[in-house]
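Data block below; observations after.
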Amino acid sequence: MTGGSGATGAAGAPRPAGGTARPVGTAGVGRARRVKLTVSRVDPWSAMKMAFLISVALGIAGVVMVAVLWMILSGMGVFSEVNRLVGTVFNDPANPFNIMDFLGFGRVLSLSIVIGVIDVILMTALSTLGAFLYNICSALVGGLQLTLTDD
């Protein structure tokens, strides 16, 4: 042993005095650790980046969902049945009704893309604003307190 009053571990590094050595793997056997943390600040830049990526993913999923739903409804013959029903109700041979003039695949898909883009802009802006508002409120009341456990 070279100088010093503390005990040394297996690698020769000093070990703090007063503690008993526990075997490896038995650090938390029988009880869970509880840690109380406070979220005192949310970075607006990171909130904006995450919200942008999540809203882009939701926008793409929405466009795909609308396309699949339109194809399912078209395959089931819903649009032709609506055309037949409206044709029997109005019975106007001079101006026949065709629902595809209003609900064609291109039109529906274009509208869902426009709604997706608006969704991306609004969700990104609102989450960034939410991060700023959280920081202001957190400065007043101390933030959000979380209790985490180690199971």
So which of ARG33, ARG41 is open to solvent by 70 Å² or more (accessible area, probe 1.4 Å) and touching a helix residue (DSSP H, G or I) at 6+ places or on another chain (Cβ under 9 Å)? ARG41
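This table checks each residue for (1) under 24 Å from ILE118 (Cα atoms); (2) modelled with pLDDT of 85 or more.
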residue	(1), (2)
VAL56	yes, yes
TRP70	yes, yes
SER74	no, yes
PHE79	no, yes
GLY87	no, no
PHE90	no, no
ALA94	no, no
PHE97	no, no
PHE102	yes, yes
List pairs: first residue in segment 136-151 and more than 13 Å from THR38 (Cβ to Cβ) and in contact (Cβ under 8 Å) with a residue 40 or more places away in the chain, second residue hydrophobic (A, V, I, L, M, F, W, C) and loosely packed, with under 10 Cβ neighbours inside 10 Å anywhere in the structure, Cβ distance under 6 angstrom, at least six positions apart or on different chains. THR149/ALA32; ASP150/ALA32; ASP151/ALA32
Being under 18 Å from GLY59 (Cα atoms) and without any contact (Cβ under 8 Å) to a residue 24 or more places away in the chain is the filter; apply it to segment 94-110 and report the residue that is most open to solvent (accessible area, probe 1.4 Å). ARG107
Tally of residues being closer than 24 Å to VAL68 by Cβ and of a type outside the set (Val, Ile, Thr) across segment 86-111: 12
Segment 131-151, residues that are surrounded by fewer than 15 Cβ atoms within 10 Å (Cβ to Cβ), small (Gly, Ala, Ser) and part of a helix (DSSP H, G or I): ALA139
Near pairs, Cβ below 7 angstrom, 6+ apart or cross-chain, from segment 62-85 (surrounded by 12 or more Cβ atoms within 10 Å (Cβ to Cβ)) to any residue that is of a type in the set (Phe, Trp, Tyr): TRP70/PHE105; LEU73/PHE79; ASN83/PHE97
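The values are calculated or read from the model by the stated rules, or taken from the named source; none is laboratory data. Here the structure is a predicted model, which is why all the values come from computation and not from measurement. In this analysis, Cβ positions are derived from the backbone assuming ideal geometry, glycine residues included, and neighbour counts consider all displayed protein chains. Please note that ligands, DNA and RNA were not included when accessible areas were found on the heavy atoms of the full protein model with its side chains. Shrake-Rupley method; radii C 1.70, N 1.55, O 1.52, S 1.80 Å.
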